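The values are calculated or read from the model by the stated rules, or taken from the named source; none is laboratory data. Note that the coordinates shown come from a computational prediction; the quantities given were computed from them, not determined experimentally. Please note: Cβ atoms are built from the backbone with ideal geometry, for glycine as well, and neighbour counts cover all protein chains shown. To get the accessible areas, we keep the full protein, side chains included, count just its heavy atoms, and leave off ligands, DNA and RNA. Shrake-Rupley method; radii C 1.70, N 1.55, O 1.52, S 1.80 Å.
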Amino acid sequence: MHTIKWDPKLISKYNINGPRYTSYPTALSLSTDFDLGLLQSAINQSPDELSLYLHIPFCHKLCYYCGCNKVITRHQHKADTYLDALAEEMALYAPLLDSKRINQLHLGGGTPTFLTEVQLSRLMALLHKFFTINADAEISIEIDPRSCSDDKLRHLSTLGFNRVSFGVQDLDEKVQIAINRVQDTDLIRHQVQLSRELGFSSINLDLIYGLPFQQPASFGETVDEIIRLNPHRISLFSYAHIPDRFAAQRKIDNSSLPDAPLKLELMQLAINRFVAAGYQFIGMDHFARPDDALAKAQQAGKLQRNFQGYTTAGQDALIGLGVSSISQVSGVLWQNSKDLPAYYAAINKTQLPIERGFSLNADDKLRAALISQLICHFALDTETFSRQWRITGFWQYFVEALARLQPFMEDGLVEVYAERIKVTDAGRLWVRSICACFDAYLTQGQQRYSKVV
C-alpha cells in the first residue's frame, strides 16, 4: 500500500455511524428471547479447536476515554471473588466442550494485570483443570504498563503466556493527563524490551487517535517512538466520544478534542508512517510486521475477524467467559450479563450467566461470510462465492447492495465487476461502510456503533 492522502470531502460524506463487524449480525441484534438449548448443538457442530476469551473487569484507576465494561477498585480481594465465579462458570462449560481443545486464549478487560501473580497462577490452573489447552496454543494478555512489574511480566512468561499487548494510547504527557492515564515512556520502552528478552512471540502496542490535545507534531513523535520500539503488531483505534453513554468521558473537555479534519490528519500521519516503516496495513485499525502470524494469515487468505478483532482463528468458534463476554460458535451468538451482580446471581444459582443471544439464519451466515471476506481481504470473487453458497446470480441476490455501493464506486473507493469486488487502497478506510451495503439489518433502520473517523 503506497502513501495516501484521503480527501476531507469524503470524510465528511462518509463519516456516518456504522458497525465494526466483529460479528454479523452485530451484538445489537442479540435478544433476551434466546433458547439456551442452542448452545450444546452449536458447540457439537464447532471445530475440534476453539478460542477462549476471559474478561477481567477490574481496574485500579479510571481512564476517562474508556468505554469498556469495567469496575474501578483498589480492593484486591474482589478479584478473588470473581475468580470463584469464573471457576463455577468454567465447570458449567467443561461438559459442554467435552473433547474440544483450546488453541487460542486471551485475557482482556478492564485490566487483566490487575490480578496479582498468585491470582494469575490460580486462573491459569483453573483453565488447565477444566479445559484442554494445546501445548502450542496462543496465550495472550492485555497489559496496563502501570500495573505490570518486571516480576509479573516474568511470571506471565512462566505461566505460558506468549503474546502481550500493551495499552500505550499516546506518549504525550499533556494528552495522558487529560485522559487520566499518565505512564512514563521509559517504562513502556523497558517493558517492551523485557518482553522481547523473555521470548514473547508477539508484542502489540495500542494507540488511540482523536484524544484531547493531540496534534500532528506531538502525535507524530508518539508514532515515531512506536516504530522505534518495533512491535510485531500495532493497533490504531479511533476515539469515539460518547459522553451520554460513557459517564467517564464527561470528564473530558469537548473543546480539547481534535475536530474531524485534524482527526483525519492524525490518522493519515499514523497510517502512512507505519506503512513506510514496513508494517502491513491489515485493515481498519491494525498493522503487523510481514513476519507476524496476522500478516501471514492475510497474505495466505486465511485472516479472520471475531469479537477480539482481526485473528488467525476462532471466527465462529469463540467461547467468552466472565461478565459481558460474548461467544460466537457455529452461527450462534450469546452474551453474558453485563452487570457484575447479575453475573454473580446467575453463577450462585449454578446457571450459565447468559443474558441474551441470537441464532443466524441461512441469509445471515451468507452475509457474514461475505462481510468477513471484504473486511479481512478487501476483495471477493463473486463467482466462487456464489458456488460456495449455492446462490444463482450474485448480483441478483444482492441487487439492493449494488445500488448502495454506487456512491463508493463513483468516489473510487470500491471497484465492482460482474465477477469480483475490490476495495481500493483509498477505500480501505471505509471498508466497514462498504460492508454495510450488504447488511440486511441496517436497511431496516438500525443505527449502530461509532463514526469511522
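At a glance:
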item: Residue tally, condition open to solvent by 10 Å² or more (accessible area, probe 1.4 Å) and in a strand (DSSP E or B), over the range 351-364; result: 5
item: Matching residues in the range 108-133 - criterion: being open to solvent by less than 10 Å² (accessible area, probe 1.4 Å) and more than 20 Å from residue 75 (Cα to Cα); result: 124, 127
item: Search result, residues across the range 313-350 that are part of a loop (DSSP other than H, G, I, E, B), free of Cβ contacts under 8 Å to residues at least 40 places away in the same chain and of a type in the set (S, T, N, Q); result: 337
item: Residue 74, sole failed condition from (1) within 30 Å of residue 115 (Cα to Cα); (2) in contact (Cβ under 8 Å) with a residue 40 or more places away in the chain; result: (2)
item: Scope the range 275-298; condition more than 22 Å from residue 106 (Cβ to Cβ) and either under 16 Å from the mean Cα position of the chain (by Cα) or modelled with pLDDT under 90 (or both); matching residues; result: 281
item: Residue within the range 96-113 that is part of a helix (DSSP H, G or I) and farther than 30 Å from residue 178 by Cβ present; result: yes
item: Selection count where residues are among the charged types (D, E, K, R) and in contact with a Lys or Arg (Cβ under 7 Å, 6 or more places away or on another chain), scope the range 27-80; result: 2
item: Selection from the range 67-84 of residues that are within 25 Å of the chain's Cα centre (by Cα) and surrounded by fewer than 21 Cβ atoms within 10 Å (Cβ to Cβ); result: 67, 68, 69, 71, 72, 73, 83
item: Residues of the range 114-128 satisfying the condition of being in a helix (DSSP H, G or I) and not aromatic (Phe, Trp, Tyr); result: 117, 118, 119, 120, 121, 122, 123, 124, 125, 126, 127, 128
item: When residues of the range 312-323 are limited to those that are touching an Asp or Glu at 6+ places or on another chain (Cβ under 9 Å) and β-branched (Val, Ile, Thr), the one least open to solvent (accessible area, probe 1.4 Å); result: 323
item: Qualifying residue in the range 242-261 (condition: under 19 Å from the mean Cα position of the chain (by Cα), open to solvent by 10 Å² or more (accessible area, probe 1.4 Å) and at negative phi); result: yes
item: Filter result for the condition that a residue is basic (Lys, Arg) and in a loop (DSSP other than H, G, I, E, B), over 245, 305, 273, 250; result: 245
item: Out of 356, 273, sole residue that is of a type in the set (D, E, K, R) and either on the phi > 0 side of the Ramachandran plot or assigned by the TED database to the domain that holds residue 200 (or both); result: 273
item: Any pair with Cβ under 8 angstrom, 6 or more apart, that starts in the range 8-19 at a residue that is farther than 10 Å from residue 433 by Cβ and ends at one that is modelled with pLDDT under 70 and crowded, with 19+ Cβ neighbours inside 10 Å; result: 11/452; 11/453
item: Count of the range 44-66 residues which are polar (S, T, N, Q), outside any strand (DSSP E or B) and either open to solvent by less than 40 Å² (accessible area, probe 1.4 Å) or in contact with a strand residue (DSSP E or B) (Cβ under 9 Å, 6 or more places away or on another chain) (or both); result: 2
item: Output for the range 393-408, where each listed residue is of a type in the set (Gly, Ala, Ser) and either surrounded by 12 or more Cβ atoms within 10 Å (Cβ to Cβ) or at pLDDT 95 or above (or both); result: 401
item: Cβ pairs under 7 Å, 6+ apart, first in the range 104-122 and more than 13 Å from residue 82 (Cα to Cα) and free of Cβ contacts under 8 Å to residues at least 40 places away in the same chain, second open to solvent by less than 30 Å² (accessible area, probe 1.4 Å) and not aliphatic (A, V, I, L, M); result: 113/144; 113/147; 113/148; 113/152; 117/152
item: Matching residues, the range 163-185, being polar (S, T, N, Q), part of a loop (DSSP other than H, G, I, E, B) and out of contact with any Phe, Trp or Tyr (no Cβ under 6 Å at 6 or more places or on another chain); result: 183
item: Residue check for residue 273: surrounded by fewer than 19 Cβ atoms within 10 Å (Cβ to Cβ), among the basic types (Lys, Arg) and in contact (Cβ under 8 Å) with a residue 24 or more places away in the chain; result: yes
